[in-house]
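What follows is a set of notes on a single structure, which appears directly below.
The values are calculated or read from the model by the stated rules, or taken from the named source; none is laboratory data. As the structure is a prediction and not an experimental result, all values here were calculated from the model. Quick reminder, even Gly has a Cβ in these numbers, built from the backbone with ideal geometry, and neighbours come from all protein chains shown.
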Amino acid sequence: MKKNKESSWISFTDLMTALMVIFMFIAISYIVEVKKEQDKIKIILEDYENSKNDLYLTLQNEFKDDFEKWEIVLNEDLSIQFTNPDILFASGQKDLQKKFQENLDEFLPRYFDILLSPQYKEKILEIRIEGHTDTVPAPRYDKDPYIGNTLLSQLRATEVLKYFKNSDYHRNLDSQSKKDLRFMLTANGLSYGRMLDDQKKLTEISKNIPNNNISRRVEFKIVTKTEEAVEKAIQQLKAQG
């Protein structure tokens, strides 16, 4: 009887050992899979940073002699701000002033030559033309100040887009480039929701007093496909818990 008890105990011990080994392999497999997902996100983030930095440096090099002349600012988020309201639009109007048209004639071909190049085109999800107003109401568009300025800023962004679409540069693009731009290029009116301070920084972040003149602006902003891929990878990692 004693021998049977010892045999049963040995069998139970072997079973527990086997289960522990199985659980250990499951844990190791889980850790390996998590590590793989983390490595994927790391690679995506590195690619995102490298692409973003390369494009920033390319834009910086291309327009370094024009920043002061055109009163434009290139930000690290790849947005380019035209911040001189005196040459953009007349107060409360949507039509581009002649000086702004002249600046766009120089800027747009060089800008889109970069973005449509094989080096960058496949990495870009969206190119946004953004219109921004100050807090002065635009009653001709709506009695509500924010809605009125939203409509005005949208019309201004659309006028810039229309000017580009009617340019010789755009007309001479090949059919594939035009198709790519139809997908990527958008016009967005943002009213006075994103005001700038004296240093041309967003007041929502800097907490400084808004500068109405600088806040009346047009921005060209790039959204890369990598940002979308990063978000998907993060969601997958969260789903795996």
ask   = Glu102 fails exactly one of the following numbered conditions: (1) assigned to a strand (DSSP E or B); (2) modelled with pLDDT of 95 or more. What is the number of that condition?
value = (1)
ask   = What about Ile147, is it in contact with a Phe, Trp or Tyr (Cβ under 8 Å, 6 or more places away or on another chain), at negative phi and not in a helix (DSSP H, G or I)?
value = no
request  = Please work out which residue is modelled with the lowest pLDDT, limiting yourself to region 122-137 and to residues that are more than 14 Å from the chain's Cα centre (by Cα) and outside any loop (DSSP other than H, G, I, E, B).
outcome  = Glu122
task = Assess whether Asn213 counts as being modelled with pLDDT under 95 and closer than 18 Å to Phe82 by Cβ.
result = yes
task = Would you tally the residues in region 181-204 being in a helix (DSSP H, G or I), over 23 Å from Asp144 (Cβ atoms) and more than 17 Å from the chain's Cα centre (by Cα)?
result = 1
Subset of region 118-150 (residues that are of a type in the set (A, V, I, L, M, F, W, C) and either surrounded by 19 or more Cβ atoms within 10 Å (Cβ to Cβ) or closer than 19 Å to Ile222 by Cβ (or both)) = Ile124, Leu125, Ile127, Ile129, Ala138
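Residue-wise test of (1) in contact with a Cys (Cβ under 8 Å, 6 or more places away or on another chain); (2) in contact (Cβ under 8 Å) with a residue 40 or more places away in the chain; (3) within 25 Å of Phe67 (Cβ to Cβ).
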residue	(1), (2), (3)
Pro137	no, no, no
Asp142	no, no, no
Asn188	no, yes, yes
Ile205	no, no, yes
Gln235	no, no, no
query = With (1) surrounded by fewer than 19 Cβ atoms within 10 Å (Cβ to Cβ); (2) at pLDDT below 95; (3) touching a Ser or Thr at 6+ places or on another chain (Cβ under 8 Å); (4) not aromatic (Phe, Trp, Tyr) as the list, and Ile114 as the residue in question, which single condition is left unmet?
reply = (2)
task = Under 7 Å between Cβ atoms, at least 6 apart or on separate chains: pull out the pairs that start in region 67-84 with a residue that is assigned to a loop (DSSP other than H, G, I, E, B) and end on any residue that is β-branched (Val, Ile, Thr) and surrounded by fewer than 19 Cβ atoms within 10 Å (Cβ to Cβ).
result = Thr83/Val73
